[in-house]
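A.B. asks: Have a look at this one before I ask anything.
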Amino acid sequence: MRYILRVTCIEYKAIVSDAAVLMVFLAGLLLYSMMYPYPYSAEVLRNVPVVPVDQDRTMLSQKLMRWADATEEVTLAEEAADMQEARQEVMNGRARGIFLIPEGFERKVLRGEQATVSVYADGSYFMIFRQIVSGLYKATATLSAGIEIKRFTAAGMGEQHARQARDPLPIVTRALFNPGGGYATYVTPAVLVLIMQQTLLIGIGTLGGTRNEEFTKAPPPPPGERDSALAVLLGRTLAYFSIYMLFPLFYLAVIFRTYSLPYQQGLVTIPVFLAPFILAVTLLGLALNMLFRARETSIPVILFTSIPAIFLMGYSWPHEAIPGVLQALSRLIPCTAGALGFVRINQMGATLYEVRHEWFTLWGLCAFYGTLAWLGTMYRPKGAKAAPIGDSGPYQTTANPQKTMPPSL
């Protein structure tokens with residue numbers, strides 16, 4: 001135990017003395033997690049500019065345009081003379097959609113015929129497309145409902161019966177676990193878990209690359225030295241694990257309160273669930289150390305995996321719609337089970353028992369990556385000869401008598 005704690009202290013010292021690692025662990029994680037939700041703090045996209053084209057020029061068409069402009073989803077820009085001018089406004093980026101009221105709109109309504117309006121929305125940005133279509137549909141549906149109710153009342157119905165006849169089966173929709181239907185509430189919790197994974201992997205990889213720049217691989221030590229290799233692994237794991245276990249508490253106590261994000265569970269269930277997640281990511285990073293021959297290598301490699309990890313974790317795209325091969329691959333990424341379980345506990349109020357599948361999956365990843373990390377720690381630098389554990393340090397290398405350093409450190 002004394003040896004494990006000594007390795008942990010050495011790892012703490014390496015983290016603190018390396019400015020790049022310290023920036024990734026502290027500045028990168030704290031600032032990134034604080035700044036990421038800020039652009040989405042408005043939660044819902046509002047007042048998307050739309051160009052109106054009124055070819056009817058009647059009181060009813062002007063009324064419909066006023067109602068469309070009154071919705072929170074869209075705002076009507078300056079009216080265009082024709083479709084060509086409106087299309088040019090969209091191409092120039094001054095508007096994101098077109099609202100066309102054709103000629104003869106009021107005449108068809110007064111005759112009891114079906115009148116139509118046209119909506120053209122920018123389909124290259126799904127959120128803008130959805131807001132334009134939903135906002136203009138809301139305005140036209142409200143106008144249509146008012147016209148139908150007036151027809152029913154003119155036929156002798158009371159206003160209440162007219163409303164019921166117009167909408168005999170009203171539908172009330174409520175967004176569960178996301179009351180405002182906001183984007184920040186949707187995306188932030190899962191991304192925070194991914195931020196923990198990527199920054200931890202980059203920090204561990206940077207330190208591992210630094211060591212690999214100084215030492216090269218050597219054959220594994222004799223069987224009698226395997227316990228010392230395991231102790232080195234446990235000491236390093238304890239160092240990273242103890243640091244990153246503080247961040248789930250920081251998320252709940254600071255970030256979720258700062259941005260008014262909803263959360264259901266307290267400060268006990270979430271850390272208990274995320275403990276194997278942080279442990280699995282730590283062991284994954286230690287297992288990948290052997291691949292980084294330079295300290296700068298880990299940054300582009302880990303950053304390159306961020307976008308695939310977002311899609312594979314089944315959050316930005318439904319997990320059920322991902323091909324089976326990719327679903328199996330996603331289970332090897334700790335943030336897949338970590339993010340899904342964290343969201344269910346944090347926003348849906350699930351208990352630890354209800355996310356037991358994800359929890360046991362994370363423990364399985366701990367065993368898998370722990371084995372790989374232990375085998376990687378077994379390597380020794382060429383020319384190094386391991387000595388028994390003593391007061392002078394865990395290992396002594398004969399390659400440089402003046403320098404005492406654990407070869408696996």
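Here, each number is a calculation from the coordinates, and none is a lab measurement. A quick note: this is a predicted structure, and the numbers were derived from the prediction, not measured. Cβ sites come from the backbone with ideal geometry, for glycine too, and all protein chains shown count toward neighbours.
A.B. asks: How big is the convex hull of the Cα atoms of region 48-166, per residue, in Å³?
C.D. replies: Given the Cα convex hull of region 48-166, per-residue volume reads 104 Å³.
A.B. asks: Right, next: Calculate, in nm to one decimal, what residue 171 and residue 154 gain on full extension: separation in residues at 0.36 nm each, minus their alpha carbon distance.
C.D. replies: Difference between extended and current length: 3.5 nm.
A.B. asks: While we're here: Per-residue ellipticity at 222 nm for the chain, helices alone: DSSP H runs ≥ 4 residues times -39500 (n - 2.57), over residue total, nearest 500 deg cm²/dmol?
C.D. replies: Calculated from helices alone, the mean residue ellipticity at 222 nm is -17500 deg cm²/dmol.
A.B. asks: Stick to the Cα atoms of region 1-109, pair each with every other, and give me the Kirkwood hydrodynamic radius in Å at one decimal.
C.D. replies: So the Kirkwood estimate lands at 18.8 Å.
A.B. asks: Let me know the whole percent of all Cα-Cα pairs from the chain that are separated by more than 29 Å.
C.D. replies: Percent of Cα pairs beyond 29 Å in the chain: 59.
A.B. asks: Moving to a separate point now. For region 8-70, what is the Kirkwood estimate of the hydrodynamic radius, computed as the reciprocal of the mean inverse distance between distinct Cα atoms, to one decimal in Å?
C.D. replies: The Cα-based Kirkwood calculation yields 16.9 Å.
A.B. asks: Taking 35 Å as R0, compute the FRET efficiency from the Cβ-Cβ separation of residue 103 and residue 306 and round it to 0.05.
C.D. replies: Efficiency for this residue pair is about 0.10.
A.B. asks: Identify the chymotrypsin sites (Phe, Trp or Tyr not before Pro) of region 160-216 meeting these criteria: DSSP loop state and at most 16 other C-beta atoms within 10 Å of the C-beta.
C.D. replies: Those satisfying the criteria are 177.
A.B. asks: For residue 353 and residue 1, FRET efficiency with R0 = 45 Å and r from the beta-carbon atoms, rounded to 0.05?
C.D. replies: Computed FRET efficiency for residue 1 and residue 353 comes out at 0.85.
A.B. asks: Stretch residue 213-residue 22 to full length: gain in nm at 0.36 nm per residue minus the Cα-Cα span?
C.D. replies: Length difference between fully extended and current span is 66.8 nm.
A.B. asks: How many nm separate the modelled label positions at residue 62 and residue 79, each set 7 Å beyond the Cα in the direction of the Cβ?
C.D. replies: 0.7 nm
A.B. asks: Could you tell me the relative contact order of the chain? Use alpha-carbon pairs under 8 Å, at least six residues apart, and round to a whole percent.
C.D. replies: 18 percent
A.B. asks: Also, quick follow-up: So, in the chain, how many Lys pairs have Cα atoms under 19 Å apart, if the pair is 8 or more places apart or on different chains?
C.D. replies: 11
A.B. asks: How large is the translational diffusion coefficient of region 107-166 in µm² per second when you combine the Kirkwood radius over alpha carbon pairs with Stokes-Einstein at 4 °C and 1.567 mPa s?
C.D. replies: 97 µm²/s
A.B. asks: State, in angstrom, two size descriptors of region 194-345 derived from its alpha carbons: Rg to one decimal place and Dmax to the nearest whole number.
C.D. replies: Looking at region 194-345, its Cα Rg and Dmax stand at 17.4, 56 Å.
A.B. asks: Right, another one. Placing one identical point scatterer on every Cα of region 77-232 and ignoring solvent, what is log10 I(q)/I(0) from the Debye formula at q = 0.11, 0.12 Å⁻¹?
C.D. replies: -0.76, -0.84
A.B. asks: Taking Cα pairs under 8 Å and at least six residues apart, what relative contact order does region 244-337 come out at, in percent?
C.D. replies: Averaging sequence separation for qualifying contacts and normalising by length gives 22 percent for region 244-337.
A.B. asks: Would you please state which residues of region 175-198 a label at residue 46 would reach in this model, taking the label point 7 Å out along Cα→Cβ and a backbone N cut-off of under 15 Å?
C.D. replies: 180-184
A.B. asks: Which longest run of the chain has no exposed loop site in it, a site being GluC sites (Glu not before Pro) in a DSSP loop with at most 15 other beta carbons within 10 Å, and the site itself not part of the run?
C.D. replies: No qualifying site falls inside 114-295, the longest such stretch.
A.B. asks: Here's another thing I want to ask about it. Relative contact order for region 48-166: what percent, with Cα pairs under 8 Å and sequence separation of 6 or more?
C.D. replies: Relative contact order comes out at 28 percent.
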